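Rule-based calculations on the coordinates, nothing more; no lab input. What you see is a predicted model, and the numbers here were worked out from it, not measured in a lab. Here the Cβ is made from the backbone with ideal geometry for all residues, glycine too, and neighbour counts use every protein chain on show.
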């Protein structure tokens, strides 16, 4: 075998091994472990008096939240289309009132080979105004996940044409744990026609 051809083959093999190892490292160390640590930290916060949706009795009875197993198939790259008219929408709340959010753009992505779309919002008040807010429903609601839908908070940079919708980080609002809390309801345009078996499941109170 000629030396240049051998070098080309060795370089190709090294590249394949690099991508394989890179993917394995991403799956284990760079993604799964931090995700599980986030979930542990959330359990700790739900046991604390200052950041828990539960009353004192609920905090004492609380053990842990329940999740789907991490699944990279539901960590999706979506194309972002900014809305030509970024108007303010009054999202209905669980107590019958409304709260304003800015309709920022549309995220397009594929699940189970089908194209889907979610509207991206910006909060106009409170914390996390530097993130995009995505309230959504899917076919797991009322069965395995909270019936009122779940939320995603997505870091963003102005001008980016892609974002990551990581449904492994989908979470239930506080009103799923305590009806005294008021939460926004996902709008019709964010009702997905498929099941998203990823992220937080329904919390069942200990008997």
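The table that follows gives values for the structure above.
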| item | result |
| --- | --- |
| Column: log10 I(q)/I(0), Debye, Cα scatterers of region 54-207, q = 0.11 Å⁻¹ | -0.44 |
| Exposure proxy ranking, count of Cβ atoms within 10 Å, fewest first, for 131, 189, 207 | 207, 189, 131 |
| Inter-label distance for residue 97 and residue 42, nm, one decimal - labels placed 7 Å from Cα along Cα-to-Cβ | 2.6 |
| Rounded Å value of the spacing that divides the Cα centres of region 151-191 and region 41-96 | 7 |
